[in-house]
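The values are calculated or read from the model by the stated rules, or taken from the named source; none is laboratory data. Since this is a predicted model, take the numbers as computed values, not measurements. Because the Cβ atoms are built from the backbone with ideal geometry, glycine has one as well, and the counts that use them run over all protein chains shown. For the accessible areas, the whole protein counts, side chains as well, though only heavy atoms, and no ligand, DNA or RNA atoms are used. Shrake-Rupley method; radii C 1.70, N 1.55, O 1.52, S 1.80 Å.
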Amino acid sequence: RVGNIRVTNCPEDMTMVKEHIAPFVDFALRSLLTAPSYSRINVHIKFGVKEDTPDWAAAQAVDWRKKCPSEFEIDVYEATTQQLNQIETLLGISHEVVHVKQFGTGQLRGWTEANKTYWKWNHKICKETNYWLQPWEVEAHGLERVLLHHYFTHVGLRPFERLLNVIERSNGALLTSQ
(Lines give C-alpha, C1' and ligand atoms only; values in the text may rest on other atoms or scores of the structure.)
Protein backbone atom coordinates (compact mmCIF):
# COMPACT_ATOMS: atom_id res chain seq x y z
CA ARG A 1 0.00 0.00 0.00
CA VAL A 2 1.25 3.45 -0.94
CA GLY A 3 -0.81 6.43 0.25
CA ASN A 4 -4.31 5.81 -0.97
CA ILE A 5 -3.30 3.07 -3.44
CA ARG A 6 -3.81 -0.60 -2.58
CA VAL A 7 -2.72 -3.61 -4.68
CA THR A 8 -4.03 -7.14 -4.09
CA ASN A 9 -3.37 -10.57 -5.62
CA CYS A 10 -0.42 -9.45 -7.73
CA PRO A 11 1.05 -12.60 -9.30
CA GLU A 12 4.39 -13.74 -7.94
CA ASP A 13 5.85 -13.93 -11.45
CA MET A 14 5.51 -10.15 -11.83
CA THR A 15 8.66 -9.72 -9.77
CA MET A 16 10.21 -7.14 -12.09
CA VAL A 17 7.44 -4.54 -11.66
CA LYS A 18 5.47 -5.71 -8.61
CA GLU A 19 7.12 -3.30 -6.20
CA HIS A 20 6.54 -0.38 -8.59
CA ILE A 21 2.79 -0.74 -9.18
CA ALA A 22 1.50 1.25 -6.18
CA PRO A 23 4.30 3.88 -6.35
CA PHE A 24 3.70 4.31 -10.08
CA VAL A 25 -0.08 4.75 -9.67
CA ASP A 26 0.54 7.20 -6.83
CA PHE A 27 3.06 9.13 -8.97
CA ALA A 28 0.70 9.18 -11.99
CA LEU A 29 -2.28 10.43 -9.99
CA ARG A 30 -0.15 13.12 -8.34
CA SER A 31 0.98 14.17 -11.83
CA LEU A 32 -2.57 14.25 -13.23
CA LEU A 33 -4.55 15.75 -10.34
CA THR A 34 -4.44 18.84 -8.18
CA ALA A 35 -3.48 18.20 -4.54
CA PRO A 36 -7.08 18.50 -3.24
CA SER A 37 -8.38 16.10 -5.89
CA TYR A 38 -5.51 13.65 -5.30
CA SER A 39 -6.06 13.58 -1.54
CA ARG A 40 -9.65 12.32 -1.85
CA ILE A 41 -8.99 9.56 -4.45
CA ASN A 42 -8.60 5.95 -3.29
CA VAL A 43 -7.64 3.20 -5.74
CA HIS A 44 -7.71 -0.57 -5.25
CA ILE A 45 -5.85 -2.50 -7.97
CA LYS A 46 -7.06 -6.09 -8.07
CA PHE A 47 -5.13 -8.71 -10.03
CA GLY A 48 -6.49 -12.06 -11.17
CA VAL A 49 -10.05 -10.96 -11.90
CA LYS A 50 -11.74 -13.65 -13.98
CA GLU A 51 -13.75 -12.04 -16.73
CA ASP A 52 -14.49 -13.01 -20.31
CA THR A 53 -13.40 -9.79 -21.99
CA PRO A 54 -10.91 -8.67 -24.64
CA ASP A 55 -9.81 -5.84 -22.33
CA TRP A 56 -6.55 -5.98 -20.38
CA ALA A 57 -7.91 -4.09 -17.42
CA ALA A 58 -10.82 -1.85 -16.46
CA ALA A 59 -11.29 1.06 -14.09
CA GLN A 60 -14.60 1.67 -12.41
CA ALA A 61 -15.84 4.04 -9.76
CA VAL A 62 -17.23 2.22 -6.75
CA ASP A 63 -19.21 5.35 -5.86
CA TRP A 64 -20.16 6.06 -9.49
CA ARG A 65 -23.36 7.89 -8.62
CA LYS A 66 -21.34 10.84 -7.30
CA LYS A 67 -20.57 13.72 -9.64
CA CYS A 68 -16.87 13.33 -8.83
CA PRO A 69 -16.30 9.79 -7.51
CA SER A 70 -13.43 9.13 -5.10
CA GLU A 71 -13.40 5.32 -4.67
CA PHE A 72 -12.03 3.32 -7.61
CA GLU A 73 -11.12 -0.23 -8.53
CA ILE A 74 -8.81 -1.19 -11.35
CA ASP A 75 -9.37 -4.83 -12.30
CA VAL A 76 -6.41 -6.48 -14.02
CA TYR A 77 -7.80 -9.56 -15.72
CA GLU A 78 -6.22 -12.94 -15.17
CA ALA A 79 -5.73 -13.41 -18.93
CA THR A 80 -3.78 -10.13 -19.04
CA THR A 81 -1.01 -11.31 -16.76
CA GLN A 82 -0.85 -14.64 -18.58
CA GLN A 83 -0.60 -13.19 -22.11
CA LEU A 84 1.30 -9.92 -21.69
CA ASN A 85 4.72 -9.16 -20.32
CA GLN A 86 5.09 -7.17 -17.12
CA ILE A 87 5.71 -3.81 -18.77
CA GLU A 88 2.66 -4.25 -21.01
CA THR A 89 0.59 -5.04 -17.92
CA LEU A 90 1.91 -1.88 -16.28
CA LEU A 91 1.02 0.00 -19.47
CA GLY A 92 -2.58 -1.24 -19.16
CA ILE A 93 -2.69 -0.06 -15.55
CA SER A 94 -1.34 3.32 -16.66
CA HIS A 95 -4.16 3.61 -19.20
CA GLU A 96 -6.75 2.88 -16.50
CA VAL A 97 -5.19 5.44 -14.14
CA VAL A 98 -5.98 8.11 -16.73
CA HIS A 99 -9.62 6.98 -16.59
CA VAL A 100 -9.52 7.28 -12.78
CA LYS A 101 -8.42 10.90 -13.26
CA GLN A 102 -11.21 11.49 -15.79
CA PHE A 103 -13.95 10.04 -13.58
CA GLY A 104 -12.52 11.52 -10.37
CA THR A 105 -12.58 15.06 -11.73
CA GLY A 106 -16.02 14.72 -13.33
CA GLN A 107 -14.52 15.08 -16.80
CA LEU A 108 -16.01 11.69 -17.77
CA ARG A 109 -19.34 10.32 -16.62
CA GLY A 110 -21.16 7.20 -17.70
CA TRP A 111 -24.58 5.75 -17.01
CA THR A 112 -26.98 3.15 -18.35
CA GLU A 113 -30.64 3.61 -19.25
CA ALA A 114 -32.80 0.93 -20.85
CA ASN A 115 -29.75 -1.31 -21.49
CA LYS A 116 -27.91 1.47 -23.34
CA THR A 117 -24.75 3.14 -22.02
CA TYR A 118 -24.37 6.90 -22.31
CA TRP A 119 -21.21 8.96 -21.81
CA LYS A 120 -20.61 12.60 -20.97
CA TRP A 121 -17.22 14.13 -21.73
CA ASN A 122 -16.58 17.62 -20.36
CA HIS A 123 -20.30 18.00 -19.60
CA LYS A 124 -21.46 17.17 -23.15
CA ILE A 125 -23.09 13.90 -24.20
CA CYS A 126 -20.71 12.07 -26.52
CA LYS A 127 -22.25 10.05 -29.33
CA GLU A 128 -18.97 8.70 -30.71
CA THR A 129 -19.09 4.89 -30.75
CA ASN A 130 -15.69 4.20 -32.33
CA TYR A 131 -13.45 3.26 -29.39
CA TRP A 132 -10.38 4.92 -30.92
CA LEU A 133 -12.20 8.23 -31.45
CA GLN A 134 -13.83 8.55 -28.04
CA PRO A 135 -12.10 11.56 -26.44
CA TRP A 136 -11.46 9.81 -23.11
CA GLU A 137 -9.73 6.93 -24.90
CA VAL A 138 -7.69 9.31 -27.06
CA GLU A 139 -6.45 10.98 -23.86
CA ALA A 140 -5.80 7.68 -22.05
CA HIS A 141 -3.84 6.21 -24.96
CA GLY A 142 -1.91 9.45 -25.32
CA LEU A 143 -0.90 9.63 -21.66
CA GLU A 144 -0.31 5.94 -20.78
CA ARG A 145 3.24 5.83 -22.18
CA VAL A 146 4.08 9.39 -21.18
CA LEU A 147 3.26 8.62 -17.54
CA LEU A 148 5.39 5.47 -17.56
CA HIS A 149 8.35 7.24 -19.18
CA HIS A 150 8.05 10.07 -16.67
CA TYR A 151 7.92 7.64 -13.73
CA PHE A 152 10.82 5.51 -14.98
CA THR A 153 12.94 8.63 -15.43
CA HIS A 154 11.87 10.09 -12.08
CA VAL A 155 12.87 7.00 -10.09
CA GLY A 156 15.97 6.27 -12.17
CA LEU A 157 14.78 3.06 -13.83
CA ARG A 158 16.48 3.53 -17.20
CA PRO A 159 16.36 -0.22 -18.04
CA PHE A 160 12.55 -0.16 -17.70
CA GLU A 161 12.37 2.89 -19.92
CA ARG A 162 14.50 1.18 -22.57
CA LEU A 163 12.29 -1.93 -22.37
CA LEU A 164 9.17 0.21 -22.87
CA ASN A 165 10.80 1.73 -25.99
CA VAL A 166 11.53 -1.76 -27.37
CA ILE A 167 7.93 -2.86 -26.76
CA GLU A 168 6.59 0.24 -28.50
CA ARG A 169 8.77 -0.34 -31.56
CA SER A 170 8.28 -4.09 -31.85
CA ASN A 171 4.67 -4.65 -30.88
CA GLY A 172 2.13 -2.95 -33.11
CA ALA A 173 -0.53 -5.09 -31.39
CA LEU A 174 -0.39 -2.66 -28.47
CA LEU A 175 -1.90 -0.06 -30.74
CA THR A 176 -4.60 -2.28 -32.23
CA SER A 177 -5.65 -4.52 -29.35
CA GLN A 178 -8.97 -2.80 -28.59
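Its DSSP H runs of at least 4 residues, each contributing -39,500 (n - 2.57), put the calculated 222 nm mean residue ellipticity of the chain at -14000 deg cm²/dmol, to the nearest 500. Computed 3J(HN,Hα) for segment 125-138, one whole-Hz value per residue from the Karplus formula 6.51 cos²θ - 1.76 cosθ + 1.60 where θ = phi - 60°, is 5, 9, 9, 5, 9, 6, 3, 5, 9, 5, x, 6, 6, 4, glycine and proline marked x. Each of (i) 46, 35, 28; (ii) 51, 50, 29; (iii) 55, 40, 36 is a candidate for Cα extents along the principal axes in Å; the one calculated from this structure is (i). Accessible area of residue 155 (1.4 Å probe, protein heavy atoms only, ligands and nucleic acids ignored): about 60 Å².
Of interest is the spacing of the C-alpha centroids, which for segment 1-44 and segment 45-91 amounts to 13 Å. Ligands, DNA and RNA excluded, the heavy atoms of residue 95 present near 10 Å² of accessible surface to a 1.4 Å solvent probe. Seen against the Cα atoms of the chain and their longest principal axis, helix 86-104 is set at about 30 degrees. This model, with +1 at the C-beta of Lys and Arg and -1 at the C-beta of Asp and Glu, gives the chain a dipole about its Cα centre of some 700 debye. Once the dipole of the chain is set up with Lys and Arg at +1 and Asp and Glu at -1 on Cβ about the Cα centre, which of 126, 99, 17 lies farthest towards its positive end? Working it through, the farthest residue towards the positive pole turns out to be 126. Using C-alpha pairs under 8 Å with a sequence gap of at least 6, the mean separation divided by the residue count of segment 18-143 gives a relative contact order of 21 percent. Accessible area per residue was computed with a 1.4 Å probe on protein heavy atoms; residue 10 scores about 20 Å².
Beta bridges per DSSP, both residues in the chain: antiparallel share near 60 percent. Positive-end ranking of 112, 57, 68 along the dipole of the chain, with charges on Cβ about the Cα centre, is headed by 68. Accessible-area rank, largest first, for 31, 37: 31, 37, with all protein chains present and a 1.4 angstrom probe. Here segment 1-103 carries DSSP beta bridges of which approximately 35% are antiparallel, counting only pairs with both residues inside. Here segment 1-92 is assigned +1 on the Cβ of each Lys and Arg and -1 on the Cβ of each Asp and Glu. Its dipole about the Cα centre then comes out at about 580 debye.
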